[in-house]
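Just so you know, all these numbers are worked out from the coordinates, no wet-lab data involved. Keep in mind the model is a prediction, meaning the values are calculated, not measured. Don't worry about glycine lacking a Cβ; one is built from the backbone with ideal geometry, like all the others, and counts go over all protein chains shown.
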DNA sequence: ACGTGTCATGTTATAATATCACGTTCGGAC
DNA sequence: GTCCGAACGTGATATTATAACATGACACGT
Ligand SMILES: [Zn+2]
Ligand SMILES: [Zn+2]
Ligand SMILES: [Zn+2]
Ligand SMILES: [Zn+2]
């Protein structure tokens with residue numbers, strides 16, 4: 001009854017960060033996904049997810065903690081970690097182990113899901129949600145999630161051989177993205193300038 | 001001159017952990033590898049490596065810190081982390097990101113290297129040393145390093161497509177090892193006993 | 001309206017992991 | 001011996017994560 005009122009009310013009053021329309025669309029998509037799963041994307045979880053979506057690079061838990069602080073509210077670590085746990089469990093974000101930081105799941109970024117929820121069901125949700133592959137650029141910190149399932153397939157066959165029951169996997173590749181690699185090596189094979197000014 | 005005396009003396013006095021002959025053999029192998037690379041496997045590094053070799057499961061930095069404490073010596077974290085950094089750089093151990101813990105590199109456990117140092121040179125040392133694949137059992141905490149290069153090959157081809165310059169990769173699979181999986185499911189499909197007593 | 005269970009959140013403290021900064025010692029080249 | 005750089009000792013601190021317990025908001029049956 002007045003539950004809807006309260007939700008609207010709270011949204012208006014306590015949202016410290018205004019998200020762009022694009023981000024809001026993604027958040028709404030996430031909300032729908034949660035509802036499908038019988039879970040609630042609360043205001044707090046929504047805000048954390050929004051901040052992760054808007055960041056161009058992986059975000060640490062304590063970065064998030066800083067960002068959600070307002071004059072009124074000084075949340076403590078558990079607040080953030082609880083939201084992160086929820087988002088992880090529902091496949092909305094991934095944790096990058098090598099960085100102790102979080103990125104949105106690419107499923108959220110494209111509208112594949114929105115149009116075709118069946119897409120959810122033709123791949124192995126159990127394993128897929130908890131498993132992703134990332135290319136992490138050491139230089140610009142950008143992270144690309146690889147949708148490609150070939151790695152997972154290879155891994156699965158290895159596990160079968162070893163009778164290992166795979167539950168999830170982290171695959172993280174460190175290196176330089178195309179852009180940064182180009183900057184590093186201005187010419188193909190001319191390292192005779194001034195030490196290539198490598199930003200290590 | 002009295003250098004040899006000192007080493008013997010110190011070894012006798014400050015080695016709190018006596019390693020088994022098998023472990024000592026591996027340590028000697030590691031020592032040789034270091035010397036090849038112009039590095040020194042000091043007493044301290046040797047002890048840390050020995051402890052990691054002897055452990056049946058991955059060891060955390062602070063576990064090691066506890067283990068190397070004696071009535072005389074109360075080392076501080078940097079001591080351990082410095083040794084770990086050294087061992088990582090020289091490919092003697094790996095870090096398991098998901099556990100913040102360390103395991104010996106399997107190269108050390110088998111004597112392939114001892115007999116055939118050329119083995120080192122027919123695979124890509126640059127990438128291989130810094131890259132390994134692990135099967136981590138959630139239940140017994142055992143970790144298996146996969147020598148198999150098929151995953152790495154697959155990853156490399158993906159990176160090539162994306163023009164991503166791979167420097168290293170972590171591949172960690174979580175699940176149940178053959179032994180533990182068998183324990184979990186006593187019969188194939190008879191979950192009607194007392195909740196199978198699944199340890200979380 | 002009242003108790004009651006459940007989920008989400010707030011709050012305080014602390015655990016666990018990792019690094020910085022600075023001074024000293026050790027080992028080997030000369 | 002003298003010197004230099006690598007290795008180590010030590011104290012403080014940073015960063016990441018969780019434990020433990022209390023409160024608030026709502027649903028539901030009575
Ligand atoms: Zn994803
Ligand atoms: Zn980059
Ligand atoms: Zn290895
Ligand atoms: Zn096991």
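Protection proxy ranking of B:54-64, A:163-173, by the mean of other Cβ atoms within 10 Å over each peptide's residues and highest first, is A:163-173, B:54-64. Neighbour counting of Cβ atoms within 10 Å sorts the residues A:183, A:69, fewest neighbours leading, into A:69, A:183. Plainly put, the tip 7 Å out from Cα toward Cβ on residue A:183 is 5.0 nm from that tip on each other copy, the closest given first.
Share of antiparallel DSSP beta bridges in the range A:13-183, in percent to the nearest 5?
60
The calculated FRET efficiency for the pair residue B:140 and residue B:106, based on their C-beta separation and a Förster distance of 22 Å, comes to about 0.75.
Look at the stretch B:68-78: the mean tally of other chain Cβ atoms within 10 Å of its residues' Cβ atoms is 0. Going from the residue with the fewest nearby Cβ atoms within 10 Å to the one with the most, B:102, B:19 rank B:19, B:102.
Partner shielding of B:149-157 amounts to 4, given as the average count of beta-carbon atoms from other chains within 10 Å of each residue beta-carbon.
Copy-to-copy label distances for residue A:141, where each label lies 7 Å from Cα along Cα-to-Cβ, are 3.3 nm in order of increasing length.
Measuring from each Cβ of chain B to the axis carrying B onto A, the nearest residue and its distance in whole Å come out as B:97, 2.
Straightening the chain between residue B:36 and residue B:150 buys 38.2 nm, computed as 0.36 nm per residue apart minus the Cα-Cα spacing. Remark: mean inter-chain Cβ contacts per residue of A:97-105 equal 2, using a 10 Å Cβ-Cβ cutoff to other protein chain atoms. Placing a label point 7 Å from the Cα of residue B:22 along the Cα-to-Cβ direction, the residues of the range B:29-70 whose backbone N falls under 18 Å of that point are B:29-30, B:49-59. Using the Cβ-Cβ distance between residue A:56 and residue B:66 with R0 set to 45 Å, the FRET efficiency works out to roughly 0.65. Label-to-label distances for residue B:36 across copies, nearest first, come out at 5.2 nm, using points 7 Å from Cα in the beta-carbon direction.
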